[in-house]
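The values are calculated or read from the model by the stated rules, or taken from the named source; none is laboratory data. All values derive from a computational prediction rather than experimental measurement. All Cβ positions, even for glycine, are placed from backbone atoms using ideal geometry, and neighbour counts span all protein chains on display.
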Amino acid sequence: MKPLKNLPKKSLVKKDTLEVKYKWLPVVNAEKCDGCGKCVEACGPRCLAIINQLAVLTEAERCGSEEHCIEPCPQKAIRMEWLPWEGDEARGKWQTPNLLAQIISKKEIGYEISN
């Protein structure tokens, strides 16, 4: 099992439990994005915006982790990643470090995982 990379900043750690949570969020590849806005149109919660001809996740708290922004992108510039985050866990998909490590481990050995 590979260790988790990029330890989160203190601002992303829950202060009462010191347990980091990870949210399934879209990540935009700035080198591929041409700013067409199709991802913004497809995003129901309106958490993406075009800023300086680049798609940007401006409202991560509102993201439902539904992946609707990925398919319409003609440049294939958006992918989903588990990112350290804190907020309303009733919105979107969340994992703890232990569960995330299990998911990563199972993917490495070829198990199919659904989010």
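General observations
- Within region 51-62, residues that are among the β-branched types (Val, Ile, Thr) have Cβ atoms under 8 Å from residues that are exposed (fewer than 13 other Cβ atoms within 10 Å of the Cβ) and modelled with pLDDT of 95 or more in these pairs: THR58/ILE51, counting only partners at least 6 apart in sequence or on another chain.
- Residue among TRP94, TRP82 that is in contact with a helix residue (DSSP H, G or I) (Cβ under 6 Å, 6 or more places away or on another chain) and within 26 Å of GLU19 (Cα to Cα): TRP82
For (1) outside any loop (DSSP other than H, G, I, E, B); (2) at pLDDT 95 or above, each residue gets a yes or a no:
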{"site": "ASN52", "(1), (2)": "no, yes"}
{"site": "VAL56", "(1), (2)": "yes, yes"}
{"site": "GLU66", "(1), (2)": "no, yes"}
{"site": "CYS69", "(1), (2)": "no, yes"}
{"site": "CYS73", "(1), (2)": "no, yes"}
{"site": "LYS76", "(1), (2)": "no, yes"}
{"site": "ARG79", "(1), (2)": "yes, yes"}
{"site": "GLY87", "(1), (2)": "no, no"}
{"site": "ALA90", "(1), (2)": "no, no"}
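- In region 77-95, the residues that are at positive phi reach residues that are among the acidic types (Asp, Glu) with C-beta atoms within less than 9 angstrom, at least six apart or across chains, in these pairs: GLY87/GLU61; GLY92/GLU61; GLY92/GLU66.
- The residues of region 2-23 that are at pLDDT 55 or above and exposed (fewer than 14 other Cβ atoms within 10 Å of the Cβ), listed by number, are LEU18, GLU19.
- Taking the criterion of being within 21 Å of ASP88 (Cβ to Cβ) and either touching a helix residue (DSSP H, G or I) at 6+ places or on another chain (Cβ under 8 Å) or loosely packed, with under 15 Cβ neighbours inside 10 Å (or both), the residues of region 24-55 that qualify are LEU25, PRO26, VAL27, GLY44, PRO45, ARG46, CYS47, LEU48, ALA49.
- Flag if ALA30 is at pLDDT 95 or above and of a type in the set (A, V, I, L, M): yes
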